[in-house]
Amino acid sequence: MLNKKLISITIFLLMISSNISLKSNTPSVNTVMNFISSQLFPEIRPRHITVYTTSGDWDYLFIPSVSKYLFEEIEIVENLAPKGQHNRPGNVYDKHYICIHDTGDANIDAKRWSEIVRDGKHGQTIYAASFQYVIGNDGYFHMIPDNEIAYHAGDGHTEASIFGTIASGVFTHELKDKKPIIKVSEDGYYLINGEKSGIKAPTNDKGEIITKINDLGIYSELRKVEGEENKYEYYLGRTWYNDEFGYISNYGGNLNSIGIEMSIKNGTDLYYSYQRMAKLSAKLMDTFNLTIDDVVQHHYFSGKNCPETQRGNGLWGYFKSLILNEYQMLQYKKMGFSFEFISESEYINEKGRIIKPVDEKTLIEYKIKVKDNNTGNELKKEFNGYLYPKAQWINTPT
């Protein structure tokens, strides 16, 4: 499938930009340090964003860490719902996606959300939804096994909503790495780069043609035509129309994706939680042989405006860059490398996270150590950067 090739292309470009040699399968500690160095922020500048919740929105000061890599290990707390409970039927399906959400709730932390899913109750009310993970400042929590169905994406939970692909009848002679432009024709068929396919788009309940597609588009892949040289056919993913939100969206959410919710409880460090969600996403990408294109928003499956804070503040592309960085660092770890962050400033902790405000532009200093545990070679390097003042401050964990 084409999208499985995109990750190697993306990582290739990322490695080139970071002066990483592709000549050896075992990079040196210098090579790994160069990659880490390329992902550091010499200037850390706060940014005001709006946090969107069901109980009201508020202004928030979003402050990056010194590195796109979060210097911590994933410690998952198992809080599994009982198999056979109404929100964990136990059906097993192949996983094609990682589905990103935020809780939209200002009052409940990740631990409490994990208990709600585990117990299938929110107070005295039955809680019918479920998701594999919820993360927050208080931890990584796991409620539904990764390979099972969970009720988080809004696209149904029967075999009718399973991920699948359909031959389009549209061909190309180039194996393209760019996604095609997909629209709906006036007579209700999908257009692929302006060419009419043989696939009818879903209609509404009245049979009316719908042209509004979710922001992330329709799944597509190229397959080589058997017996034909340099000829490929587009295949599109199965789709449906969600009348509630008014978008054509993709099937495969509940059945074929791993749902991750991020707690946006008021008073927590959202950037830290984003880094944790990126780290977990990279781990799942690696485990299930998925690509960065397979990490999608809840919106992709239902048209719902979720994760709303990421979407509303234009953070989705940045979040995906965090995932790619975590993914590359995970590959280094699998090769036998380990990393250590050594803070030499009161403003940053051992994870590389900013923990104190400044009233003026302030120099921060730290060291990073890379060790090749196969050879014993290690390299420690000093770094510095500048932390800029804030307009307000949200307390962060240490």
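The values are calculated or read from the model by the stated rules, or taken from the named source; none is laboratory data. The structure presented is a predicted model; accordingly, all values stated were derived computationally and were not measured. Neighbour counts run over all protein chains shown; Cβ positions are idealised from the backbone, glycine included. Please note that ligands, DNA and RNA were not included when accessible areas were found on the heavy atoms of the full protein model with its side chains. Shrake-Rupley method; radii C 1.70, N 1.55, O 1.52, S 1.80 Å.
So, R0 is 51 Å and r is the distance between the beta-carbons of Lys212 and Ile342; what FRET efficiency does that work out to, to 0.05?
On the way: r = 51 Å, r/R0 = 1.01.
Given R0 = 51 Å and the Cβ-Cβ separation, E is 0.50.
At a 1.4 Å probe, what is the % contribution of carbon and sulfur to the accessible area of segment 190-297? Before the final figure, lay out each step's value.
Values: 1620 of 4180 Å².
Carbon with sulfur: 39 percent of the solvent-accessible area.
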Find, to one decimal place in angstroms, the Kirkwood hydrodynamic radius of segment 133-239, where the mean of 1/r is taken over every pair of different Cα atoms and then inverted.
16.4 Å
Under 26 Å Cα to Cα from Lys111, which lysines show up? Leave out anything in the same chain fewer than 8 places away.
Lys68, Lys83, Lys95, Lys121, Lys265, Lys279, Lys283, Lys304, Lys320, Lys351, Lys356
Sequence-separation-based contact order of segment 197-246, relative, with Cα cut under 8 Å and 6+ spacing, percent
34 percent
Over the Cα atoms of segment 250-337, how large are the radius of gyration and the largest Cα-Cα distance (Dmax), in Å?
13.6, 42
Bins of 10 Å, beginning at zero and ending with the bin holding the largest distance: percent of Cα pairs per bin for segment 240-398, please.
9, 28, 33, 20, 9, 2
For Tyr386 paired with Leu363, estimate the spin-label separation in nm (one decimal), with each label point 7 Å from Cα along the Cα-to-Cβ line.
1.2 nm
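Compute the signed sum of charges (Lys and Arg +1, Asp and Glu -1) over the other residues within less than 14 Å, Cβ to Cβ, of Asp372.
Details: positive: Lys333, Lys334, Lys369, Lys371, Lys380; negative: Glu340, Glu378.
The answer is +3.
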What per residue convex hull volume, in Å³, comes out for segment 274-319 when only alpha-carbon positions are used?
72 Å³
So what's the Cα pair-distance distribution over segment 166-313, bin width 5 Å, in %?
2, 9, 15, 17, 17, 15, 11, 7, 4, 2, 0, 0, 0
Could you give the angle, 0 to 90 degrees to the nearest 10, between helix 270-287's Cα long axis and the longest principal axis of the Cα atoms of the chain?
60 degrees
What does the accessible area per residue of the chain come to in Å², with a 1.4 Å probe and no ligands, DNA or RNA counted?
44 Å²
Nearest 5 percent is fine: what portion of the DSSP beta bridges confined to the chain is antiparallel?
75 percent
Two-site FRET efficiency, Arg223 against Ser185, from Cβ-Cβ distance with R₀ of 22 Å, rounded to 0.05:
0.45
Cα→Cβ-extended label distance, 7 Å offset, between Asp94 and Asn107, nm:
4.4 nm
Find how many whole Å separate the alpha carbon centroid of segment 108-140 from the alpha carbon centroid of segment 313-342.
27 Å
Please compute the Kirkwood hydrodynamic radius over segment 311-351, one decimal place, Å, based on all pairs of different Cα atoms.
12.6 Å
What value does the chain have for Rg/Rh, both radii from Cα atoms and Rh as Kirkwood defines it?
0.99
